[in-house]
Every structure is written in C-alpha cells, then in structure tokens.
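First the structure, in the form of structure tokens, and then the observations on it.
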Amino acid sequence: SESYDVKAVEEKWLPVWERLEPFRADDDAVLAGEREKKYALTMFPYPSGDLHMGHAEVFAIHDVISRYWWQRGYEVLNPMGWDSFGLPAENAAIRNDTHPATYTYANIETQFASMQRYGTSFDWTRRLHTSDPEYYRWTQWLFLRFHERGLAYRKNSPVNWCPQDQTVLANEQVLADGTCERCGAEVTKRELTQWYFRTTAYAQELYDCLDELQPTWIDKVVNAQRNWIGRSEGAHVSFAVEGHDPVTVFTTRPDTLWGATFMVVAADAKLAASLVTDEQRPALEAYLTEVRKASDIDRLATDRPKTGVFLGVHATNPVNGEQLPIWASDYVLADYGTGAIMAVPAHDQRDLDFARAMDLPVRMVVDTGDDDPAVSGVATTGNGTYVNSGPLNGLSEKAAGIRAVIELLEAGEHGTGTVNFRLRDWLLSRQRYWGAPIPIIHCATCGEVPVPDDQLPVTLPDLRGADLKPKGTSPLGAATEWVNVACPTCGGPATRDTDTMDTFVDSSWYFLRFLSPNDETQAFDSALAKAWGPIDLYIGGDEHAVLHLLYARFFTKVLRDAGLIDWDEPFSAYLSQGKVINNGRKMSKSLGNGVNLGDQLAEFGVDAVRLTLIFASPPEDNIDWADVSPAGSLKFLQRAWRLAGDVTSHPGAPVAEGDVALRRVTHRTLHDAAQLIESYRFNVVVARTMELVNATRKAIDSGCGPADPAVREATEAVAILLSLVAPYTAEEMWERLGHEPTVARVGWPTVDEALLVEESVTAVVQIQGKVKARLEVAPDIAEADLEALALADADVVRAIDGRPVRKVIVRAPKLVNIVV
Ligand code: ANZ
Ligand code: ZN
C-alpha cells in the first residue's frame, strides 16, 4: 500500500499555514460582538534550552481545546510568548562571560521554531517577551500604580535568604523542607529592607472567590490556594502591661483564656526588644543570635525542643486579672497574627512543651475526659466541658464558648472577634540583574520618588559576565553611572533603586499584554480586556498552583479596583496537566531516563507524538512514556490517511441513501466528541475516532464500498476530528478529499439528530400486572421519560379510567408497572 511520508507532509503544510494565518484573532469581530469569544491560555515557557516532553504535552492538550473552539465558530484568542527574565539566564551569562540576553533570545528563537514545527495554533502576531524593554516598561508602569495606591511599599524585616543564589526569596519560594525552590540550598533569614506588594489587603477576597472557582478549577489547586491563604477565625485579645502599651494577641481559642498561664512574643520582633527589662536584655540578645540561624519550618515544628527567655515583665489577663509572665521564644513567628500569643499549655501542645521546658504552670480549662495535660504531657484540643473558667463553667460546646468570650471581651473593650490570614505580603524585590528594575529613585531630601511615567522604561545598564556574580547586594549597584541620577522632584543628587522585580511580577499581567502587545501608549487596552477577558481556560503545571495563580489573581483584583478591567478573576477555568515520566520515574539526568522531544519528533513525526500524548490518559494524569506507543499512533494516522485516498481514487456513482449504519457511527462520534472535549476527556475522543476509522475501513472493504457518500462523510469527519490532535495528517487528508486548506477552520459538522436515535425497543406497560400497551422507545430512555410516556399513552389513560395512581414501577427500557 502507499506509504505516508511524515517529513514531506510536515514540510509541505508549515509554510501554507504561515501564509494563511488561520488562527489570527480578530479584535474587531469581538469588540463589535459579531462573534462570541474564547480566550485560551497556556502558561508561557521560560526560555531554557529547547522544548521538552512536558511542553509537548501541555501544548498538545491546549491545542485540542483552542482548535475545537475555532471549529465551533468562536473567535479564539490563543497567544504565546516567553517569561524571559530570570536566574538561569543570569547564571549562564556568568558561566559563559556573556550577557543574559544572549542566552535568553537564542533560546527563544529555538523554542519558537519548535513550537511552529509542532503545529501549535498560537496567534504569533501577539508574541511577547517579558524581558523586552517594550514589555517591562509597562511592568514598571504597573508597579507605580500599585505604589500610588499604597500597595507597593518598603519595609525592613527578616526575610528568607538563599545563601547559594545570594538573593531573597518570597515565602512561596521556600519549599516545605525549608530549602530554596530553585537550587535546593537551605534557606536562612536576613534582616533587610525590601519591597513588598500588599497582597494581604486582598486576602479575604482571594479566599472567598475560591468558592466560585471551585467547580471549574481542579480541586487540588483550589485547596492549595485555600491553605496558603489560611483563613483562621478567632479573636484579638489585649493584655495590659504596666509601663507599656497593651500587648495584643491573636488566638483561635479565646474560650481558653482562663487557662492562659504565660505569654510569648516572637523573639525577633520589635515588641520583644521594647518590652524587655534592662536586666534581661543581654539574655534576649544572646538568644536572638541563635534564633536567626533557624528556618521558619524548623521553628514551627512541634517536635523541636522549646527555647526562650523571660523578658522580665508581666501582663494582666483581662478576664481574671492574673499576672502572666511574658517570655520571648522562636516558636512564635514575628509576622503571623500579632507576633504575640497567650499560652494555654493545657490545650496547645507547643505551649505545653514550652511550659514543661521552662517549668511554668499548666491549668486545664476544658475537661475532655482525657488525662490532665499537666500530668500526661499531651495537650487536649477536643470538645469538652469548661472548668476553672468563670462564666463558661458548665458549657460544653466550643463554638458557644468562643462566642460567649468574644461577647465578654467586646463588652469590656479587651478584644474583638477577628479573622486572621496566614497569607503575608509578597516580597517582590530581588538582588539580581536580569529582571525589571524597580522604577524608584531615592533622594535624601524627597525620599522615595517614583520615576515619572514618561521616563519609563528604566532600562537595565549593560552588565555582563563577572559583573553579575552574586555578592549579596544587587549587581545593579555596581553600575554607578546608571545608579546616580538627578532627583525628578528637586533635581538634587539621588540614586536609583538597585533591586529588580521578582519574575512573578512579569507573569502576573502578561495575559493582559497579549491583547495589544505592541501598544506603545498603554499597558493594555481596557476595551479589549473587557471584550476578551477573562481567560476561558488556563492550562499549566501544578508547580504554579500557589505562586503564579495567586499573584495573577491579586493583580487582577488591584487592576479592577483601579478601574482598568471589569472582571474579578483572571481564569474562569483552570486545568493542570500531568507529567510525562519514564519507567515510572520522573525523567532526570541522573536516572538517565530522559526522553528527548526532538528525537521523538524525528522518529515518529509531530502528529504521532501529539496523538500519543493525548491518547495516553486524561490530561491531568501522568503519562509514562514506557507504556505508550508512538509507533502505534503513526500506524493509526496512516490508516486514517489511506481512507482519504480510497474515497478519491474510487469516485463511483453516489448511492442515494448512503450506508446508514456508517452514518450513524459518524454522527454519534461527532456528537459525543463535542461533549467529551468539553469535559476534557480528549483521550476518549481519540479512541472514538479510531473506532470511526475502523468502521469506515470496514464499509470500504466489505460493505458499501469507497464510492458511497457515507464513506466520504465519515472520512471528512475523521479529518475534522484529527484537525484537533494531528493537524498535518488532517490537512493532508483534507486536500486528498479535494478541499482547499485549511481543515482547521472548516467548522464542526452539523450533527443529524435523527441519526442519533438507535433502533427502538418495545416497552410493555402493565396495570395491576395486565398488559395494556406496548411502546416503541429508545434503548437508553431514562426511567422518568419512560414513566411519562406510559402515563400519557391513550390506552393506558383509558385503562386507568380516572382512578388515582398509587405506584409506578419502571424498569427502563422494557417495563412499566402501574398500580392503581
Ligand atoms: C491560644 C490557644 C489555645 C491557641 C489553644 C490554640 C489552642 P492558626 O489556626 O494557624 O491561625 N499563634 C498565634 N499567633 C502565632 C504566631 N505568631 N506564631 C505562632 N503561633 C501563633 O493558629 C492560631 C493559633 O496559633 C493561636 O491560637 C495561637 O495559639 C497560635 F488551646 O491561642 B492559640
Ligand atoms: Zn529630591
């Protein structure tokens, strides 16, 4: 039989598609409301090397959806670009004594060529790179809008410091085991002045909106965001301290106030330094030196020996007037809640460990029936009856106890009910070169002066090679000519801020820049944002479940409040793809189990690789490359392609009816495929397409023959279904069938509903066990539909004769038994 030359087909169609630009989104059609829009987005890549199997998977998945939307008649915005600032380029530049741009833009070109060859349906007129001054000009412009609104600010505080990368890290970039997300080094703490975005101002809304996203976002991502934002209900309680301002604590258990036996403030917070007596100050300072070495994770760990120092002062418990000693310890974090706690050792394990270590009293106030914690060393946290608790005594419901104490505190002005969030402000400054410079000028007279909008972008000075070596301070500081400027306000000598922005700032708004990436007058066009936004489906990796998605959501809310967009959430639906693994393990250099995308493409061709990735599993599952068969995929594509050859090489006289059985398969497949795609079951669509190919082959070889119009109809349907997954093969089939390119935009065939009705079955309707009627119904009829049909049947109505129906037993599709 004829053979299918994969390489020739790929070379043939790529330039045709480039010429036709079938996926160029028409803004005007959407602005004018002529066509419904869909905005499809896949996380843009970081330009390190060429594309890998992970990219191939996500692009294949993403393409099914966006190509499907085009076929359904939507105007689809499907842009792509590069998240091209970041550390790897900088490290490569240091290694190779070059400029980070060299590495960055060379890789971008490599990846761009690969994406094109891969047959992706991106609208390349929208291409952007976040490291272009034309882009980061607007990142800086947005920073200034945040700054104006008090949402970008500087503060001095202990920050996560990566000793290896020599830069600060956001909390989100420190892994659960306390190591750096990028390089794996143990993260330490440093006291530094840094820039922050006030994400906490939006904590409540970021949390609440997750409820609306839950149905269309993947569950684990919604849950990860919930945990990260960490909403806790509780109370702020104030404790008077003689000679000082009152100390306020955040507690989720105000109902245990009578069990408070001491207080603890974060050792590294200002509060500790301000409370400590002169006598105790040296002890506190010695302790602090020790504390600075440990990570947050270590400090919060329950199994860690508790350490601390007494500050020499006491606080008054507002409910019973007791004097509580105030201690400082590292198990209380400076930047959570108020940085101070009331310790209730009987009912909080960390407090109990501390009490036992420091020989402080333990008083049980909730009797849960378990052993007294003072004796057992195990804090009790469950429901129980309140004891030693004044007005609470006898109550036994935690919620009621909490409510009662909050009322009491509010009446006496000693506290209020409150909600606390774990989320902290986003630390956005980095002491690295390859990022967007922070557009602020520091003037001794005027303070922090924003660079005027018309002086943006603040472009990076030309540094390269060894200039970029991490020194603990920003490399930009060495560019003295760049650093020293006249203050925009007073004209006096001033200096530029030498930090650059976290690259997550760049990617928090790129979906807006895609709307008009070449606009030199504004960051984005609000009218276009209104027309195209929000993104209908966003696809990306799990690793961004917390970081990037949260930041993009935060940006969206701020821009909405600034009146620049009119939507509340950027991503209406979110899907995260699984990983491509090999032999059950994550691909890695050390295991030597890597699969090279380029090799796979060379051996099997683009379409077979794409089809394999889609067919292997539902998109969110991992794919083990050891379990799949790109060779099998290629064979299938050849079978499909041969159908088109058979149809056109046997142009016989059209048969009037056509093969109805084949037509039924065709229309059923098209009908089901639409539903399957909308529920992301792309692998099943491929399986069904395979069945359709088999049915068509059978009709040609041993049924109606290739000249039957039903065969042509089936083959065209195969080409259209394949246009979502295997664009080259689909195009080639389409041409063989005598059509002009491109099959990608011909539209979804209209499904003939009549062909979806299967042969009918006979249902028997009985009254008191006697057959009264027979109905012809679909074999998959629903019980309720069958019951309704039976009760409406003329013979049945006559037989019931107005008597009340007591019971109807339905066994679809064959039996209805009516009891009157
Ligand atoms: C008294 C108490 C009694 C508490 C009790 C718990 C149990 P979540 O749920 O995570 O919000 N806490 C408050 N601020 C803290 C800080 N900066 N560092 C360490 N711990 C802190 O936890 C809130 C609880 O964690 C608060 O409620 C407080 O201890 C502690 F039977 O107050 B609790
Ligand atoms: Zn000035």
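By how many degrees, between 0 and 90 and to the nearest 10, does the Cα long axis of helix 219-229 differ from the longest principal axis of the chain?
20 degrees
Hey, what D do you get for region 425-496 in µm²/s if you plug the Kirkwood alpha-carbon radius into Stokes-Einstein at 25 °C and 0.890 mPa s?
Numbers: Rh = 13.1 Å.
Using the Kirkwood radius from Cα pairs, D works out to 187 µm²/s.
For region 61-199, give the percent of accessible area contributed by carbon and sulfur heavy atoms, probe 1.4 Å, rounded to a whole number. Please list the in-between numbers first.
Working: 2100 of 4530 Å².
Carbon and sulfur together cover 46 percent of it.
K557: which lysines have alpha carbons under 19 Å from its alpha carbon, excluding same-chain residues fewer than 8 sequence positions away?
K530
How many nm is it between the label spots at T445 and D28, if each spot is 7 Å from the Cα in line with the beta carbon?
About 5.3 nm, to one decimal.
Using a basic spin-label model with each label point 7 Å from the Cα along Cα→Cβ, how many nm lie between D627 and R154?
So the two model labels end up 5.4 nm from each other.
State the antiparallel share, in %, of DSSP beta bridges confined to the chain, rounding to the nearest 5.
Details: 70 of 93 bridges.
In the chain, approximately 75 percent of DSSP beta bridges are antiparallel ones.
Taking amide H positions as placed in the peptide plane 1.01 Å from N, state which residues far from R422 in sequence (5 or more) or on other chains have amide H under 5 Å from it.
G230, R231, S232
Eigenvalues of the Cα gyration tensor times 5, then square-rooted: what semi-axes does that give for region 607-764, in whole angstrom, largest first? Before the final figure, lay out each step's value.
Details: eigenvalues 130, 86, 40 Å².
Semi-axes (√(5λ), whole Å): 25, 21, 14.
Whole-Hz Karplus ³J(HN,Hα) for region 114-128, in order, using 6.51 cos²θ - 1.76 cosθ + 1.60 and θ = phi - 60°, x for Gly and Pro?
5, 5, 5, 4, 6, x, 5, 9, 6, 8, 6, 5, 9, 3, 9
Can you find, among T193, L213, C180, the residue farthest towards the positive end of the dipole of region 174-218? Put +1 on the C-beta of Lys and Arg, -1 on that of Asp and Glu.
My answer, from the dipole projection, is T193.
What FRET efficiency, computed as 1/(1 + (r/R0)^6) with R0 = 25 Å and r the Cβ-Cβ distance, is obtained for E603 and S3, rounded to the nearest 0.05?
Details: r = 16 Å, r/R0 = 0.62.
Computed FRET efficiency for E603 and S3 comes out at 0.95.
Arrange the peptides 6-16, 220-230, 748-758 so that the one whose residues have, on average, the most other Cβ atoms within 10 Å appears first.
Details: 6-16: 14.9, 220-230: 16.6, 748-758: 12.9.
Answer by packing, highest mean first, reads 220-230, 6-16, 748-758.
Read phi for every residue in region 193-203 and hand back ³J(HN,Hα) as whole Hz from Karplus 6.51 cos²θ - 1.76 cosθ + 1.60, θ = phi - 60°, with x for Gly and Pro.
8, 9, 8, 10, 9, 7, 4, 5, 5, 10, 4
Just the ratio, please: alpha-carbon radius of gyration of region 1-62 over 2.2 N^0.38 Å, N its number of residues.
Working: Rg = 16.9 Å, N = 62, 2.2 N^0.38 = 10.6 Å.
Dividing the Cα radius of gyration by 2.2 N^0.38 Å gives 1.60.
Hey, can you find the accessible area per residue of region 301-360 for me, probe 1.4 Å, expressed in square angstrom? Numbers along the way, then the final one.
Numbers: 2180 Å² over 60 residues.
So region 301-360 comes to 36 Å² accessible per residue, rounded to a whole number.
Running Debye on the chain with equal point scatterers at the Cα sites and no solvent, what base-10 log of I(q)/I(0) appears at q = 0.04, 0.05, 0.06, 0.11 Å⁻¹?
Those come out to -0.26, -0.40, -0.56, -1.23, one per q.
Mind checking which lysines have their C-alpha under 20 Å from K814, skipping anything on the same chain fewer than 8 residues away?
Output for K814: K770, K772.
Restricting to Cα atoms and excluding each atom paired with itself, what does the Kirkwood estimate give for region 375-517 in Å?
On the way: mean 1/r = 0.0483 Å⁻¹.
After inverting the pairwise mean of 1/r, the radius is 20.7 Å.
Residue by residue through region 513-518, what is 3J(HN,Hα) from phi via Karplus (6.51 cos²θ - 1.76 cosθ + 1.60, θ = phi - 60°)? Round to whole Hz and write x for glycine and proline.
For region 513-518, the Karplus curve yields 5, 4, 5, 7, x, 9 Hz.
Taking amide H positions as placed in the peptide plane 1.01 Å from N, state which residues far from V580 in sequence (5 or more) or on other chains have amide H under 5 Å from it.
I623
Percent of accessible area on region 699-816 owned by carbon and sulfur, 1.4 Å probe?
On the way: 2910 of 5850 Å².
Using a 1.4 Å probe with all protein chains present, region 699-816 comes out at 50 percent carbon and sulfur.
Mind checking the alpha-carbon convex hull of region 266-421 and giving the volume per residue in Å³? Intermediate values should be presented prior to the final figure.
On the way: hull volume 19.6 nm³, N = 156.
That works out to 126 Å³ per residue.
Kindly flag which residue pairs out of K7/K589; K270/K471; K189/K270 have an alpha-carbon separation exceeding 18 Å in this structure. Spell out each step's value before the answer.
On the way: K7/K589 29 Å; K270/K471 28 Å; K189/K270 16 Å.
Pairs exceeding the cut-off: K7/K589; K270/K471.
Within straight cross-link reach of K586, meaning Cα distance under 24 Å, which lysines are found once same-chain residues fewer than 8 apart are removed?
K220
As I understand it, the value is the acute angle between the Cα axis of helix 547-561 and the longest principal axis of the Cα atoms of the chain; what does it come to in degrees, rounded to 10?
That helix lies at roughly 90 degrees to the long axis.
Using only Cα atoms and rounding to the nearest 10 degrees, what angle (0 to 90) does helix 727-736 make with the longest principal axis of the chain?
Value to nearest ten degrees: 20.
With labels modelled as points extended 7 Å from the Cα through the Cβ direction, what inter-label distance (nm, one decimal) is found for R281 paired with V761?
Taking the two extended label points, one gets 8.9 nm.
The values are calculated or read from the model by the stated rules, or taken from the named source; none is laboratory data. As the structure is a prediction and not an experimental result, all values here were calculated from the model. Glycine gets a Cβ as well: all are built from the backbone with ideal geometry, and neighbour counts include every protein chain shown. We work out accessible area using only protein heavy atoms, side chains counted, and drop any ligands, DNA or RNA first. Shrake-Rupley method; radii C 1.70, N 1.55, O 1.52, S 1.80 Å.
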